[in-house]
1. Mind counting the residues in the stretch 41-54 that are away from ligand 2 (no atom under 11 Å from the Cβ) and surrounded by 20 or more Cβ atoms within 10 Å (Cβ to Cβ)?
2. Just to verify a result, which residue in the stretch 211-266, among those that are closer than 17 Å to residue 141 by Cβ and surrounded by fewer than 16 Cβ atoms within 10 Å (Cβ to Cβ), is nearest to the chain's Cα centre (by Cα)?
3. Which ranges mark the strands (runs of 3 or more DSSP E) fully within the stretch 159-240 that have 2 or more residues being touching a strand residue (DSSP E or B) at 6+ places or on another chain (Cβ under 8 Å) and without any contact (Cβ under 8 Å) to a residue 40 or more places away in the chain?
4. Going residue by residue through the stretch 99-112, is there one that turns out to be more than 15 Å from residue 67 (Cβ to Cβ), crowded, with 18+ Cβ neighbours inside 10 Å and either small (Gly, Ala, Ser) or touching a strand residue (DSSP E or B) at 6+ places or on another chain (Cβ under 7 Å) (or both)?
5. Taking the stretch 58-117 on its own, how many of its residues are away from ligand 2 (no atom under 14 Å from the Cβ), aliphatic (A, V, I, L, M) and assigned to a loop (DSSP other than H, G, I, E, B)?
6. With the requirement that a residue be surrounded by fewer than 17 Cβ atoms within 10 Å (Cβ to Cβ) and not acidic (Asp, Glu), what does the stretch 164-173 give you?
7. Output yes when any residue across the stretch 196-206 is more than 16 Å from ligand 1 (Cβ to nearest atom) and either under 18 Å from the mean Cα position of the chain (by Cα) or at pLDDT 95 or above (or both), and no when none is.
8. What number of residues within the stretch 120-145 satisfy the criterion of being out of contact with any helix residue (DSSP H, G or I) (no Cβ under 9 Å at 6 or more places or on another chain) and either among the β-branched types (Val, Ile, Thr) or not in a helix (DSSP H, G or I) (or both)?
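The values are calculated or read from the model by the stated rules, or taken from the named source; none is laboratory data. The model shown is predicted, which means the values in this text are computed figures rather than measured ones. Quick reminder, even Gly has a Cβ in these numbers, built from the backbone with ideal geometry, and neighbours come from all protein chains shown.
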Amino acid sequence: TYLKTGLSKETMDKTLKHPCYNKNAHDNARIHLPVAPICNIKCKFCNRKFDCQNESRPGVTSNLLTPEKALNTFEYYNSKVENLTVMGIAGPGDALANFDKTKKTIQLIRENHPHVAICLSTNGLLLPEYANELNDLGVTHLTVTINAVDPTIGEKVYDYIDYKGTRLEGIEASKKLLENQLKGLEILRSLDVMCKVNIVAIKGVNDFHVKDVVGKVKSLGVTLTNIMSLIPVKGTAFENHESMSKKELTKLRRDCDMLVTQMFHCRQCRADAVGKLSEDISQAN
Ligand code: SF4
Ligand code: SF4
């Protein structure tokens, strides 16, 4: 099973109604509320004019919402969309780099709609700092994107990180980011939070290393991973980089599925996506 052991019944039930975590929950809907504009790292494949690519489709810019507007938006779609069982924050920057906005949004949704699963995605830099508080706030689902577990490979994926007022670059940046991502997963292991690790596979850069990432996070209690193929974006170092073919991605997922359950149905949604996964709609539509 993809379910982590030790989850409460409530979190397990919410997981069964989360269409990303449970492929059989295809009739359940999720909404991404774009409340988090800032990012605290720089991935080489990201053009910060667009939404975070750790969890979303490249080349799309979502309209920002305040936490109060986010609640209104949730309520509007809750009355229109059937089975809205998940509220996620997936950018447009990093959910934890905008902690006040993220926290306020979670509180508003929790107070008014306690049956809804609260789902975040993050690059993990601030995870050790916030993991316990996220659990206390009622976050049930958390995605951490980890593209390398070897800093010399991480260095090829990340330009820099901004951490506690200091900018770190190169190997120092990828070391610190990795340290915090792994520390964060270690803390989450014993909490009532269902975790998923996303991996952006980049041909010739980290694709051969993805299995190592999966193995490492498995050792930290992660039971579900989602390998996504890099989609090159203009104005980035990977602008002209060749993407993995569908066949290559499926093979990589199958190989890794021997270690940890893989997500095969990720749609690389927008930071303002809403509805069932099969309906590709956003709040702008
Ligand atoms: Fe871009 Fe997301 Fe990476 Fe930040 S974490 S640089 S928003 S892809
Ligand atoms: Fe789910 Fe993938 Fe869409 Fe995230 S990007 S909401 S994991 S389908």
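1. Here the count works out to 5.
2. 265
3. Numbers: elements: 166-169, 194-201, 224-229.
The strands (runs of 3 or more DSSP E) meeting that bar are 166-169, 224-229.
4. No, the conditions are met nowhere in the stretch 99-112.
5. Selection size over the stretch 58-117: 6.
6. 164, 165, 166, 167, 170, 171 - these are the residues of the stretch 164-173 that are surrounded by fewer than 17 Cβ atoms within 10 Å (Cβ to Cβ) and not acidic (Asp, Glu).
7. First, pick out the residues of the stretch 196-206 that are more than 16 Å from ligand 1 (Cβ to nearest atom): 203-204.
Checking which are either under 18 Å from the mean Cα position of the chain (by Cα) or at pLDDT 95 or above (or both) leaves us with 203-204.
For the stretch 196-206, residues more than 16 Å from ligand 1 (Cβ to nearest atom) and either under 18 Å from the mean Cα position of the chain (by Cα) or at pLDDT 95 or above (or both): present.
8. So the count comes out to 2.
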